[in-house]
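Here's the structure we're looking at; comments come further down.
The values are calculated or read from the model by the stated rules, or taken from the named source; none is laboratory data. Values in this document were obtained by computation on a predicted structure and should not be read as measured data. Quick reminder, even Gly has a Cβ in these numbers, built from the backbone with ideal geometry, and neighbours come from all protein chains shown. Keep in mind that these areas ignore ligands, DNA and RNA; they rest on the heavy atoms of the full protein, side chains included. Shrake-Rupley method; radii C 1.70, N 1.55, O 1.52, S 1.80 Å.
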Amino acid sequence: MKKNTRYNLLIALTYSVTLIGGMFFGYKFLKDQGYNFQKVTYVADNNAQKVNEILHIINKNYVDEVNADSLNNLPIDSLLHKLDPHSIYLPPAKANEFAETLNGNFEGIGIEYYILNDTLLVTNVIKDGPAFLAGIKQGDRIIKIDTIAVSGQALPREQMIGKIKGKKGTAVKLTIVHPGSTLATVFTVKRARVVVSSIDASYMLNNEVGYVRISKFGSETDRDFVESIKSLKTAGMKKLVLDLRDNGGGYLTAATGLANQILEENKLIVYTEGKHEPRTDYVATGGGEFEDGKLVVLINENTASASEILAGAVQDLNRGLIIGRRSFGKGLVQEQFPFVDGSALNLTIARYYTPSGRSIQKSYKDGYKAYQEEIENRFNDGELTSKRFVKKDSVKGRFAAGGIQPDIYVKMDTMGYNKCYTTLASKKILFDFVYDVLASRYSAPFIEQNLATFNVSDADYKDLLKYIQNRNVVVDQKQLALAKPLILNDMKVLLCKYHLGDAGYYKALNLSDAMVKQALTSLQ
């Protein structure tokens, strides 16, 4: 397992094992993730005809010049592989699944749950959502969905999720056992649209610095951002830390809408351009809630697409500091071309460029070859008067790395990340222990009042060691000792997430976060 920062690993683990039950996300990408939909449906009676149609579409729409002859007589997947990593062919089933994801599914009952010992443990209930109004509470265990028993059945995760999801207006029966009880209660919950803010956390880091965490750009992100800024300004905010780490993108309109809140009028945010697509500029309208005030944007290697657009605009326009590590480098725009049999082609048609003209997309070629190609192009365009290539070892892919390079680099913190820790993480031992044992030992009011000072006790840690032993997990004691500080902090952070939600999770995480500390120092 690759080492990473405590921040990245906890985020990844939390959102990979915390299942979002029949509610938000739906995670529509829109144009910047890059998907537009052609209204024309292409007719192809057989595979050969479809290949010819795809070649025609590529010649007419692809972002770059293509040698069509080199693509002839290749299978569909092989010919697309010659283009770029994001141009793909989707068979009918995949195309339908993809369309559902893009359309978004915000209908459900409004709970988050975690599979603990083959039982669905409710870890969060969205206020005023269907489950909340029905009386379902955090800590409840779902043992049956409609007539299907799920407790102790070791069902695949996908089956458990699918049984709770459903269309608005339909009902689902949940048999639930409340904490501390052995009696089962049946709840009938009617699915509905659940409204959830796309802001993961918004609070004051100190008397004048606000913090806003956004992990995706949804349809309401820019509006939610405005509400957060207004609230933080009321609390005294004069400076802002905008956290876009692990933000994989989302709506272009949400990213540009948020940019409108922090950039002056008529400032170029981003532009798109391709061989067959004329340049399109996206310009700030001005009049935003945070046009002044010092700004820091946090990014890392998982910051991509729409979030890179925003970070690139802030950097190019000298609106604020970018702190962290180089972003992912996803700057290609795709358009979807459907076929009559239900399949579809997602084809790259343009690239995103920052205001200064930098391409966000990282190279998907060999680093040195991309470097040589770029030097050749710049020479032919008259930008360079001589073609001097540096040694291959000196390039190391940096020239054509793409993404957004931060103004201030903060290296990965790998302290405590060893085989012992990754074993516990991969087997979900810490999550299981926190949700199974620790959650009942600490109350939400206690954690909220003592968040900055409380720590998991030595007694709790000893019980964790027993829990590990009972799970028959063998660990190296020396490595365990080295990982102990990390493990203790992880348990605290997970406790905060369980009792205080995402806001509490980030508050706890940020107490020891190197990038947040650097941001506060820079804002001084």
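List of remarks:
- Top-ranked residue in the stretch 294-308 [being outside any helix (DSSP H, G or I), in contact with a Leu (Cβ under 8 Å, 6 or more places away or on another chain) and of a type outside the set (A, V, I, L, M, F, W, C); ranked as farthest from ASP222 (Cα to Cα)]: LYS294
- VAL493 modelled with pLDDT of 95 or more, in a helix (DSSP H, G or I), within 26 Å of the chain's Cα centre (by Cα) and farther than 30 Å from VAL296 by Cα: no
- Test: residue in the stretch 183-190 that is open to solvent by 30 Å² or more (accessible area, probe 1.4 Å), in contact (Cβ under 8 Å) with a residue 60 or more places away in the chain and in contact with a Pro (Cβ under 7 Å, 6 or more places away or on another chain): yes
- Looking across the stretch 272-286, the residues that are touching a residue at least 24 places away in the same chain (Cβ under 8 Å) and either assigned to a loop (DSSP other than H, G, I, E, B) or in contact with a Leu (Cβ under 8 Å, 6 or more places away or on another chain) (or both) come down to GLY274, LYS275, HIS276, GLU277, TYR282, ALA284, THR285, GLY286.
- Some residue of the stretch 248-257 being over 30 Å from ARG141 (Cβ atoms), modelled with pLDDT of 95 or more and of a type in the set (A, V, I, L, M): no
- Candidates SER202, SER215, SER219, filtered to the one that is at pLDDT below 90 and closer than 23 Å to LYS239 by Cβ: SER215
- Hey, GLN479 in contact with a strand residue (DSSP E or B) (Cβ under 8 Å, 6 or more places away or on another chain), open to solvent by 20 Å² or more (accessible area, probe 1.4 Å), in a helix (DSSP H, G or I) and closer than 18 Å to ASP413 by Cα or not: no
- Set side by side, the residues LYS216, LYS239 differ, and just one is open to solvent by 10 Å² or more (accessible area, probe 1.4 Å), touching a Phe, Trp or Tyr at 6+ places or on another chain (Cβ under 8 Å) and closer than 23 Å to GLY324 by Cα, which is LYS216.
- Filtered residues of the stretch 408-461 (kept if aromatic (Phe, Trp, Tyr), more than 16 Å from LEU486 (Cβ to Cβ) and assigned to a helix (DSSP H, G or I)): TYR435, PHE446
- Enumeration of residues in the stretch 41-62 that are surrounded by 11 or more Cβ atoms within 10 Å (Cβ to Cβ) and modelled with pLDDT under 80: THR41, TYR42, VAL43, ALA44
- Of the residues making up the stretch 65-88, those that are touching a residue at least 40 places away in the same chain (Cβ under 8 Å) and open to solvent by 50 Å² or more (accessible area, probe 1.4 Å) number 3.
- In the condition set (1) open to solvent by 30 Å² or more (accessible area, probe 1.4 Å); (2) within 28 Å of the chain's Cα centre (by Cα); (3) not charged (D, E, K, R), ALA149 is compliant with all but (2).
- Residue tally, condition surrounded by fewer than 23 Cβ atoms within 10 Å (Cβ to Cβ) and farther than 19 Å from ILE126 by Cα, over the stretch 493-507: 1
- The stretch 513-524: number of residues that are open to solvent by 20 Å² or more (accessible area, probe 1.4 Å) and touching a residue at least 24 places away in the same chain (Cβ under 8 Å): 4
- Strands (runs of 3 or more DSSP E) fully within the stretch 125-241 that include at least 2 residues being touching a Gly at 6+ places or on another chain (Cβ under 8 Å): 184-190, 199-204.
- The stretch 102-124, subset aromatic (Phe, Trp, Tyr) and assigned to a strand (DSSP E or B), residue surrounded by the most Cβ atoms within 10 Å (Cβ to Cβ): TYR113
- ARG279 closer than 28 Å to GLU335 by Cα and open to solvent by 10 Å² or more (accessible area, probe 1.4 Å): yes
- Residue under evaluation ALA311, criteria (1) part of a strand (DSSP E or B); (2) at pLDDT 95 or above; (3) open to solvent by less than 10 Å² (accessible area, probe 1.4 Å); (4) out of contact with any helix residue (DSSP H, G or I) (no Cβ under 7 Å at 6 or more places or on another chain), criterion not met: (1)
- Listed by first and then second residue, the pairs linking a residue in the stretch 249-271 that is farther than 18 Å from ARG223 by Cβ and open to solvent by 10 Å² or more (accessible area, probe 1.4 Å) to a residue that is β-branched (Val, Ile, Thr) and assigned to a loop (DSSP other than H, G, I, E, B), with Cβ atoms under 8 Å apart and 6 or more places separating them unless they lie on different chains, are GLU265/THR285.
- PHE379 being among the hydrophobic types (A, V, I, L, M, F, W, C), assigned to a loop (DSSP other than H, G, I, E, B) and modelled with pLDDT under 90: no
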